[in-house]
Amino acid sequence: MANLADEYGTDVEIYIKALTTTIHADTPTGAPAQLHDLLEHLGLERHAYPTDTPLYIWHTVPEHLNAGEQKRLANRAIPVLLLAGYEVNCTPEVFDESAYQQAVQELRTRAGRPAARQQAPAGSSSPATPASRTQ
């Protein structure tokens, strides 16, 4: 099993798995539990192989969502991951600028409210645009 996060040295690689329509989010081998928990909190599903003592953990966007909803979910996760301090790469096939910008704007709006500030992930106050890599 190829792990693109290990291959590219990032914290999260978001891409469409070859020969499928499934959006994957690979994390590096030995990624912290907080990263896996955050991905699940953002709506991605955790998978592990082998299941008893996982050597390889990855996440997918739920397949019950339609293609547009899957891409929106993946793109809305990016600014949260960036704000939490993770290095994220999303392939052009998945990246949607408008969904990403909408999520950034919502985070900024929430950050302006005192109650929401306590819930916002730690990290930089202005998210960087994720790098795109063609494969």
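The values are calculated or read from the model by the stated rules, or taken from the named source; none is laboratory data. A quick note: this is a predicted structure, and the numbers were derived from the prediction, not measured. All Cβ positions, glycine included, derive from the backbone under ideal geometry; neighbour counts span all protein chains shown. Accessible surface is based on the protein model in full, side chains and every heavy atom, while ligands, DNA and RNA are left aside. Shrake-Rupley method; radii C 1.70, N 1.55, O 1.52, S 1.80 Å.
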Note on segment 43-62: residues assigned to a strand (DSSP E or B) and surrounded by fewer than 16 Cβ atoms within 10 Å (Cβ to Cβ) are 45, 46, 47, 48, 49, 56
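Which of the residues spanning segment 80-135 are part of a loop (DSSP other than H, G, I, E, B), modelled with pLDDT of 70 or more and open to solvent by less than 90 Å² (accessible area, probe 1.4 Å)?
Correct list: 84, 85, 86, 91, 92, 94, 95, 96.
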Quick count over segment 29-42, residues being in a loop (DSSP other than H, G, I, E, B) and open to solvent by less than 30 Å² (accessible area, probe 1.4 Å), is 1
Scanning segment 65-79 residue by residue, the ones that are hydrophobic (A, V, I, L, M, F, W, C) and open to solvent by 20 Å² or more (accessible area, probe 1.4 Å) total 3
Filter segment 12-24 for residues that are under 20 Å from residue 96 (Cα atoms) and out of contact with any Cys (no Cβ under 9 Å at 6 or more places or on another chain); the one that is surrounded by the most Cβ atoms within 10 Å (Cβ to Cβ) is 23
